[in-house]
Amino acid sequence: MKSRLLVLILVLGFLTSCGGQTVLPSQAPGPIQTPQTPQTAQNTQTALFADGTFTVGMECAYPPYNWAQKDDSNGAVLVANLAGVYANGYDVQFAKQIALANGWALEIYAAAWENLIPAVQAGTVDAVIAGQAMTSARMDEVDMIGPYYYAAVVCLTTADSRYAGAKTVSDLSGGRCTAQSDTIWYDTCLSQIKNVQLQEAAGDLTELTAALAAGTVDFICTDMPTALTILHQTPDLVLLDFTGSGDDFQFASEEERVETVNLGISVAKGNAPLADAIRTALAGMDRSDFDAMMREAVSFQP
């Protein structure tokens with residue numbers, strides 16, 4: 001088992017360093033250029049419907065939500081501002097669903113994380129679909145529609161662990177564990193376990209999986225998409241999801257819980273026509289649909 005985990009560590013390290021399968025450093029996108037003519041609230045709202053194209057911004061470097069690849073396999077979409085590069089992942093497939101439901105063409109633009117909100121505010125892109133949590137701070141800057149995914153907090157352990165059969169958080173009592181640093185998983189969730197032996201936080205995903213591979217922890221804590229990615233590479237690990245058990249990880253407030261597990265789609269403030277069109281597309285989908293789409297994206301992730 002440990003040898004398979006070590007292979008996973010190398011794979012994840014490559015993805016982390018490259019941000020995807022085929023985008024070289026010289027190809028990495030810079031800021032999306034803002035229009036020469038400032039966008040008003042009115043022309044930002046009507047621009048989409050004038051050309052019938054749904055322009056979506058994302059990093060194209062955040063699997064399984066979105067990534068870059070060299071061809072259109074598995075339904076990938078050409079990236080408008082990166083020559084010869086295609087985007088795929090959960091966010092791309094979700095954008096395709098919205099475009100299809102409304103009869104729009106779809107266009108993907110790649111940008112660094114910090115440039116995504118400014119791009120939608122400027123009207124350079126119609127929306128951002130990029131694994132953004134629906135935080136109150138973010139919703140001060142843009143309008144958010146969703147959730148379009150519920151990123152539940154889960155744990156992973158090895159099949160031979162005494163915690164492999166855990167059904168509730170209480171069943172993890174006394175375990176050695178860790179999570180990535182500066183996350184709610186490490187700072188808030190793991191400390192709720194009785195008699196927990198909290199180990200040093202992992203600096204990144206490679207360190208997190210290395211701790212499990214080395215046996216220095218009994219289980220690790222992360223979000224569902226990350227766990228699914230790990231499981232796709234190492235299926236003999238065990239997923240511990242306590243959602244709906246009545247004994248799950250708790251949050252200080254409903255607002256904190258929502259901001260942790262709910263992901264939304266960003267549009268410009270006041271862009272009601274687009275927001276309503278996206279809500280209509282989402283109306284026929286529920287959590288089971290989101291989970292199925294995420295599992296499919298993980299299955300063909302580079």
ask   = Looking at the range 135-156, which of its residues are open to solvent by less than 40 Å² (accessible area, probe 1.4 Å) and at pLDDT below 90?
value = 135, 151, 152
request  = Give the number of residues within the range 62-79 that are in a loop (DSSP other than H, G, I, E, B), buried (at least 23 other Cβ atoms within 10 Å of the Cβ) and touching a strand residue (DSSP E or B) at 6+ places or on another chain (Cβ under 8 Å).
outcome  = 1
request  = For the range 3-22, indicate whether the set of residues that are at positive phi and at pLDDT 95 or above is non-empty.
outcome  = no
ask   = Taking the range 227-243 as the search range and keeping residues that are under 15 Å from residue 171 (Cα atoms) and either part of a helix (DSSP H, G or I) or not aliphatic (A, V, I, L, M) (or both), which one is least open to solvent (accessible area, probe 1.4 Å)?
value = 242
remark   = Flagged in the range 92-146 as over 21 Å from residue 79 (Cβ atoms), hydrophobic (A, V, I, L, M, F, W, C) and in contact with a strand residue (DSSP E or B) (Cβ under 9 Å, 6 or more places away or on another chain), in numbering order, are 133, 134, 139, 142, 144, 145
key: Selected residue (only one of 261, 267 is modelled with pLDDT under 95 and closer than 27 Å to residue 184 by Cα)   = 261
inquiry  = over 22 Å from the mean Cα position of the chain (by Cα), open to solvent by 50 Å² or more (accessible area, probe 1.4 Å) and either closer than 23 Å to residue 134 by Cβ or touching a residue at least 24 places away in the same chain (Cβ under 8 Å) (or both): which single residue out of 159, 164, 213 fits that description?
reply    = 159
task = Could you tell me whether residue 178 is touching a residue at least 12 places away in the same chain (Cβ under 8 Å) and under 22 Å from residue 149 (Cβ atoms)?
result = no
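The values are calculated or read from the model by the stated rules, or taken from the named source; none is laboratory data. Values in this document were obtained by computation on a predicted structure and should not be read as measured data. Ideal geometry is used to build each Cβ from the backbone, glycine not excepted, and the neighbour counts take in all protein chains shown. In case anyone asks, the SASA skips ligands and DNA or RNA and just uses the protein heavy atoms, side chains included. Shrake-Rupley method; radii C 1.70, N 1.55, O 1.52, S 1.80 Å.
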